[in-house]
Amino acid sequence: MTYKNFESMPFVLTVEDIADTLSIGRNKAYHLINTGKIKALKLGNHYRIPRENFISFLKDGVMTTA
């Protein structure tokens with residue numbers, strides 16, 4: 001699912017949510033999580049990404065490319 005703004009995002013995102021939002025594949029999304037670029041919680045076999053962590057990832061990326 002894609003979101004129009006940060007406020008419309010749920011507090012906790014799934015890997016599929018971030019993949020859809022960034023228009024990347026699931027494998028790339030998992031790579032971003034496994035390398036620590038996006039901080040996530042692992043609950044059993046599932047990753048959950050707090051919205052604030054995802055927003056920080058986006059802002060950090062914008063800062064480093066500017």
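The values are calculated or read from the model by the stated rules, or taken from the named source; none is laboratory data. All values derive from a computational prediction rather than experimental measurement. Glycine gets a Cβ as well: all are built from the backbone with ideal geometry, and neighbour counts include every protein chain shown. The area values use the complete protein model at the heavy-atom level, side chains included, leaving out ligands, DNA and RNA. Shrake-Rupley method; radii C 1.70, N 1.55, O 1.52, S 1.80 Å.
Tabulated data
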read-out: Of all residues making up region 5-29, the number that are closer than 17 Å to SER56 by Cα, of a type outside the set (Asp, Glu) and open to solvent by 30 Å² or more (accessible area, probe 1.4 Å); value: 9
read-out: Positions within region 30-49 being farther than 18 Å from ASP60 by Cα and either open to solvent by less than 60 Å² (accessible area, probe 1.4 Å) or in a loop (DSSP other than H, G, I, E, B) (or both), in sequence order; value: GLY44, ASN45, TYR47
read-out: For ILE55: the one exception among (1) open to solvent by 100 Å² or more (accessible area, probe 1.4 Å); (2) under 9 Å from the mean Cα position of the chain (by Cα); (3) at pLDDT below 95; value: (1)
read-out: Total residues in region 35-52, condition touching a strand residue (DSSP E or B) at 6+ places or on another chain (Cβ under 9 Å) and of a type in the set (S, T, N, Q); value: 0
